[in-house]
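Colleague: After the structure tokens below, expect a handful of questions from me.
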Amino acid sequence: MKNRAGFTLIELLIVIVILGLLASLVAPKMFGKEESSKIKIAQTQMKMLETSLDTFRLDVGSYPDNLNELLKSDKKGWDGPYLPKDLPLDPWGNPYVYSATPAGEKPYNMLSYGADGKEGGEGKGADVLHQ
């Protein structure tokens, strides 16, 4: 008998079938987490923006009228930029919605319109609110 240095075609096919079965079991669970991951990313980015907004308020005395003022402003006391880079987009590629005139207890409102990019929505298209 000779010493063999490789695999037979049958051995390779068996490995490919096993990998295919594993992928078919694992892939749906991994792709199901994608949307919840995007929601968590949006919440984390809004927390980062909240820190920048609070620093702006400490320097200037009020919250900015819009998020662009975190990067450049003529207001007295401005000591920015308050973000290391440009304003981030939400995980769905849309800008965050910021309002300096609050409708609730907070001094401002911030949210992402979610996957559909429209106000309101349900499921994957639901808005992600800053808590």
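Throughout, read-outs are computed from the coordinates displayed, never taken from laboratory work. What you see is a predicted model, and the numbers here were worked out from it, not measured in a lab. FYI the Cβ positions are ideal-geometry reconstructions off the backbone, even for glycines, and counts take in every protein chain you see.
Colleague: Could you pull out the residue among D54, D74 that is loosely packed, with under 14 Cβ neighbours inside 10 Å, acidic (D, E), without any contact (Cβ under 8 Å) to a residue 12 or more places away in the chain and assigned to a helix (DSSP H, G or I)?
Modeller: After applying the criteria, what remains is D54.
Colleague: Moving to a separate point now. For region 57-71, what are the residues that are farther than 27 Å from K38 by Cα, in a helix (DSSP H, G or I) and not charged (D, E, K, R)?
Modeller: L58, V60 - these are the residues of region 57-71 that are farther than 27 Å from K38 by Cα, in a helix (DSSP H, G or I) and not charged (D, E, K, R).
Colleague: Is it fair to say S37 is outside any loop (DSSP other than H, G, I, E, B) and touching a Phe, Trp or Tyr at 6+ places or on another chain (Cβ under 6 Å)?
Modeller: no
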